[in-house]
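**Student:** I am attaching a structure below and will ask some questions about it afterwards.
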Amino acid sequence: MTLATLLYWTDLLAVAVFAISGALAAAEQKLDVLAFILFGTITGVGGGTLRDLLLQAGPVFWIADTRYLWVCIGVSMATWYLAPLLRSRVSVLVWADAAGLALFSVLGTAKALGAQAPVIVAVVMGVMSASFGSLIRDTLLNRSPVLLEPEIYVTAALLGAASYALLAGMPWLDDGAVLLLAMAGAFALRAAAIALDLRLPNYRR
Amino acid sequence: MTLATLLYWTDLLAVAVFAISGALAAAEQKLDVLAFILFGTITGVGGGTLRDLLLQAGPVFWIADTRYLWVCIGVSMATWYLAPLLRSRVSVLVWADAAGLALFSVLGTAKALGAQAPVIVAVVMGVMSASFGSLIRDTLLNRSPVLLEPEIYVTAALLGAASYALLAGMPWLDDGAVLLLAMAGAFALRAAAIALDLRLPNYRR
Amino acid sequence: MTLATLLYWTDLLAVAVFAISGALAAAEQKLDVLAFILFGTITGVGGGTLRDLLLQAGPVFWIADTRYLWVCIGVSMATWYLAPLLRSRVSVLVWADAAGLALFSVLGTAKALGAQAPVIVAVVMGVMSASFGSLIRDTLLNRSPVLLEPEIYVTAALLGAASYALLAGMPWLDDGAVLLLAMAGAFALRAAAIALDLRLPNYRR
């Protein structure tokens, strides 16, 4: 599998898990099936859309390739039917969000580096791709944004983005391996934060 | 009248009715005249602005043609003077919003199809043009977004967008007639939803 | 000093003062150091980012010149260490915001005029550059948007934008002098509004 193929399928997977988290947020609010699709789609493609608008390096990804939209619509409708079978909707939401965060932090950075963005810009794009979708989801639904909770969230996205930006292109490392490693690192940190309630020290002076 | 002319004047009308709804929302909050203009303009051009940014098919409409801005400013100031004469500001707001929704759902789809977007993308653009302005208006003013109310709202926009996308370009139908028909359908559904409190079944499992 | 140089350094200064206001807003909410950087950066570059996306006249400023990002990061971290030394964080926030408002209202207008935008569009861009950063900051942090407070805020931005747009390019006036004059005017009006609680008449009928 080439790196481009790996990136493409991981990207679809990231959109799908974020779409699940969006549809589950609509379920929490007892909305209708169209709202499931709406929030699934906004959460799924929101971060990448902002990234593509800012980078100005070609069309927005879901306009160029409509498969992303169909994935969002399909996953959101599946969530409508399957959510009642879940023991804990909130916990699936949190873990789907964590998976999307880990995948998008690295994918956003990779896309920006591919568009010749400077490293600091690529890291910002990664963090933004990973957090903007969930930010819109939570703001629109009047939930407290997961971004602002004291638990480590942006830090995990920063770990994924920065580790990929630093290691990618190093000649003795395989690009696909670096990609998976950075995603695993971001996910592990976010998972630890959820499980152990890790947090950075707050401003308290 | 050519289709292009019909589209242009309908577009100005849609911007104007959304601007009225924005200015009336400012009236509800007892804001000053500049806030009337601000919310009138944001609501009037918000949806179309997002559509144009995403489509990347030329300049944003109100930058290319400043008449749209002047319409927003003029309509908002007129609302400042005329709102006290209204029996029920809220009901005018709701109906102006419904008219804007119906017009923009079809116009946004038409603009996207004109920019060679795939049908599913064009439908998304139509729904987005129709709902984004009112979403910003309600979010900024801390009103409960009309988008999230259980009443049919996005469904009406979807009806307008999808019916136009499916019927436009069919050789035996007049494009102008399809345009007006799709708008009338979206408005009728939204009107029925307001009058009869129609709603899709909610998630309640 | 050429006008371009003056514009560049004033722009960096405007980004820095807005970044301070963003980081101080994070301090008010007792967030962690990464949130300081996040809100400092969003507030610092938010308005100019929207302006550049809408104008479509080249890359977004902080992607083309990463110094803006480093300024935001540096200023936000400095705020993390220095905020405890401040007597009144809220009052520094308000005045940093006022300085950013005055600078950006004029700089946004100047950039839009430089991109050959019509005068009304340039004024809108100035007002938007000046107010969008603080709007996102306040919305994300669940603070009441300073934009919506009855005190004069948008009016001051409008004064800066409109006076620059009208006076710039007049052959008998020095462009740098017009720039500083318009900024001083906007700042003076905003300062008077803060100190004297000036406001436009509200809608109250």
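**Student:** If I ask for residues that are out of contact with any Gly (no Cβ under 6 Å at 6 or more places or on another chain) and surrounded by 15 or more Cβ atoms within 10 Å (Cβ to Cβ), which ones from the stretch A:162-175 would you list? Working first, answer last.
**Tutor:** Kept after step one, since they are out of contact with any Gly (no Cβ under 6 Å at 6 or more places or on another chain), are these residues of the stretch A:162-175: A:162, A:164-175.
Those that are out of contact with any Gly (no Cβ under 6 Å at 6 or more places or on another chain) and surrounded by 15 or more Cβ atoms within 10 Å (Cβ to Cβ): A:162, A:164, A:165, A:167, A:168, A:175.
**Student:** If you go through the stretch B:6-52 one residue at a time, how many are at the interface with another protein chain (Cβ under 10 Å from one of its Cβ atoms) and of a type in the set (Ser, Thr, Tyr)?
**Tutor:** 2
**Student:** Of all residues in the stretch C:27-61 being closer than 17 Å to residue C:115 by Cα and hydrophobic (A, V, I, L, M, F, W, C), which is nearest to the chain's Cα centre (by Cα)?
**Tutor:** Across the stretch C:27-61, the extreme among qualifying residues is C:50.
**Student:** Given the criteria part of a helix (DSSP H, G or I), out of contact with any Phe, Trp or Tyr (no Cβ under 6 Å at 6 or more places or on another chain) and among the charged types (D, E, K, R), does residue C:204 qualify? Outline the logic, then answer.
**Tutor:** Working: part of a helix (DSSP H, G or I): no; out of contact with any Phe, Trp or Tyr (no Cβ under 6 Å at 6 or more places or on another chain): yes; among the charged types (D, E, K, R): yes.
So residue C:204 does not fit the description; no.
**Student:** Still on this structure, please answer the following. Residues that are buried (at least 23 other Cβ atoms within 10 Å of the Cβ), of a type in the set (Val, Ile, Thr) and at pLDDT 90 or above: does the stretch B:102-109 have at least one? Spell out how you get there, then give the answer.
**Tutor:** The first filter runs over the stretch B:102-109 and keeps only residues buried (at least 23 other Cβ atoms within 10 Å of the Cβ), leaving B:102-109.
After this cut, where a residue has to be of a type in the set (Val, Ile, Thr) as well, the list is B:106, B:109.
When the remaining residues are screened for being at pLDDT 90 or above, the result is B:106, B:109.
Yes, that holds for at least one residue.
**Student:** Please enumerate the residues belonging to the stretch B:56-89 that are touching a Phe, Trp or Tyr at 6+ places or on another chain (Cβ under 8 Å) and of a type in the set (Ser, Thr, Tyr).
**Tutor:** Correct list: B:68, B:76, B:79.
**Student:** Take residue C:92 and tell me if it is touching a residue at least 40 places away in the same chain (Cβ under 8 Å), over 15 Å from residue C:132 (Cα atoms) and among the β-branched types (Val, Ile, Thr). Working first, answer last.
**Tutor:** Numbers: touching a residue at least 40 places away in the same chain (Cβ under 8 Å): yes; over 15 Å from residue C:132 (Cα atoms): yes; among the β-branched types (Val, Ile, Thr): yes.
Yes.
**Student:** Which condition number in (1) farther than 13 Å from residue C:129 by Cβ; (2) surrounded by fewer than 24 Cβ atoms within 10 Å (Cβ to Cβ) is the one that residue C:49 fails?
**Tutor:** (1)
**Student:** Here's another thing I want to ask about it. Among the residues of the stretch C:149-163, which ones are of a type in the set (S, T, N, Q) and within 13 Å of another protein chain (Cβ to nearest Cβ)? It would help to see each step written out before you state the result.
**Tutor:** Looking only at the stretch C:149-163, we keep the residues that are of a type in the set (S, T, N, Q), and these are C:155, C:163.
Once the filter is applied, which keeps residues that are of a type in the set (S, T, N, Q) and within 13 Å of another protein chain (Cβ to nearest Cβ), the stretch C:149-163 yields only C:155.
**Student:** Return only the number of the condition from (1) in contact with a Pro (Cβ under 9 Å, 6 or more places away or on another chain); (2) on the phi > 0 side of the Ramachandran plot that residue A:116 does not satisfy.
**Tutor:** Residue A:116 satisfies every listed condition except (1).
**Student:** Report whether or not residue B:60 is at the interface with chain C (Cβ under 9 Å from one of its Cβ atoms), among the β-branched types (Val, Ile, Thr) and free of Cβ contacts under 8 Å to residues at least 24 places away in the same chain.
**Tutor:** Values: at the interface with chain C (Cβ under 9 Å from one of its Cβ atoms): yes; among the β-branched types (Val, Ile, Thr): yes; free of Cβ contacts under 8 Å to residues at least 24 places away in the same chain: yes.
Criteria met by residue B:60.
**Student:** Mind checking whether some residue in the stretch C:17-36 is among the basic types (Lys, Arg) and in contact with a strand residue (DSSP E or B) (Cβ under 6 Å, 6 or more places away or on another chain)? Step through it out loud before you land on a result.
**Tutor:** Taking the stretch C:17-36 first, the residues among the basic types (Lys, Arg) are C:30.
When the remaining residues are screened for being in contact with a strand residue (DSSP E or B) (Cβ under 6 Å, 6 or more places away or on another chain), the result is C:30.
Looking for residues that are among the basic types (Lys, Arg) and in contact with a strand residue (DSSP E or B) (Cβ under 6 Å, 6 or more places away or on another chain), one finds at least one in the stretch C:17-36, hence yes.
**Student:** Can you name every residue in the stretch B:164-205 that is without any contact (Cβ under 8 Å) to a residue 24 or more places away in the chain and within 14 Å of chain A (Cβ to nearest Cβ)?
**Tutor:** Of everything in the stretch B:164-205, those that are without any contact (Cβ under 8 Å) to a residue 24 or more places away in the chain and within 14 Å of chain A (Cβ to nearest Cβ) turn out to be B:201, B:203, B:204, B:205.
**Student:** Next question, about the same structure. I'm trying to understand the selection: among the residues of the stretch A:57-76, which are in contact with a helix residue (DSSP H, G or I) (Cβ under 7 Å, 6 or more places away or on another chain) and either hydroxyl-bearing (Ser, Thr, Tyr) or closer than 21 Å to residue A:32 by Cα (or both)?
**Tutor:** Those that are in contact with a helix residue (DSSP H, G or I) (Cβ under 7 Å, 6 or more places away or on another chain) and either hydroxyl-bearing (Ser, Thr, Tyr) or closer than 21 Å to residue A:32 by Cα (or both): A:66, A:68, A:69, A:71, A:72, A:73, A:75, A:76.
**Student:** When the stretch C:68-79 is examined, which residues are found to be surrounded by 15 or more Cβ atoms within 10 Å (Cβ to Cβ) and either within 10 Å of chain A (Cβ to nearest Cβ) or under 17 Å from the mean Cα position of the chain (by Cα) (or both)?
**Tutor:** Passing the criteria: C:68, C:69, C:71, C:72, C:73, C:75, C:76, C:79.
**Student:** Considering only the stretch A:117-146, how many residues are crowded, with 22+ Cβ neighbours inside 10 Å and more than 16 Å from residue B:145 (Cβ to Cβ)?
**Tutor:** Going through the stretch A:117-146 one residue at a time, the tally reaches 14.
**Student:** Right, something else. Restricting attention to the stretch C:136-155, report how many residues are outside any loop (DSSP other than H, G, I, E, B) and either in contact with an Asp or Glu (Cβ under 7 Å, 6 or more places away or on another chain) or in contact (Cβ under 8 Å) with a residue 12 or more places away in the chain (or both).
**Tutor:** Filtering the stretch C:136-155 for residues outside any loop (DSSP other than H, G, I, E, B) gives C:136-140, C:146-148, C:151, C:154-155.
Cutting the leftovers down to either in contact with an Asp or Glu (Cβ under 7 Å, 6 or more places away or on another chain) or in contact (Cβ under 8 Å) with a residue 12 or more places away in the chain (or both) gives us C:136-138, C:140, C:146-147, C:151, C:154-155.
So the count comes out to 9.
**Student:** Sticking with this one: For the structure I just gave you, tell me whether residue A:41 is touching a residue at least 12 places away in the same chain (Cβ under 8 Å) and closer than 24 Å to residue B:57 by Cα. Steps first, please.
**Tutor:** Values: touching a residue at least 12 places away in the same chain (Cβ under 8 Å): yes; closer than 24 Å to residue B:57 by Cα: yes.
Judged against the criteria, residue A:41 is a match.
**Student:** Of the residues B:26, B:83, B:35, which single one is farther than 22 Å from residue B:128 by Cα, surrounded by fewer than 22 Cβ atoms within 10 Å (Cβ to Cβ) and in contact with a helix residue (DSSP H, G or I) (Cβ under 8 Å, 6 or more places away or on another chain)? Don't jump to the end; show me each part of the working.
**Tutor:** On the way: B:26 fails: surrounded by fewer than 22 Cβ atoms within 10 Å (Cβ to Cβ); B:35 fails: surrounded by fewer than 22 Cβ atoms within 10 Å (Cβ to Cβ).
Going through B:26, B:83, B:35 in turn, the sole match is B:83.
**Student:** May I pose another question? If I filter the stretch A:91-120 down to residues being over 17 Å from residue A:182 (Cβ atoms) and among the β-branched types (Val, Ile, Thr), which single residue comes out as farthest from the other protein chains (Cβ to nearest Cβ)?
**Tutor:** That would be A:94.
The values are calculated or read from the model by the stated rules, or taken from the named source; none is laboratory data. Just so it is clear, the structure is predicted and the values come from calculations on it, not from any experiment. Glycine gets a Cβ as well: all are built from the backbone with ideal geometry, and neighbour counts include every protein chain shown.
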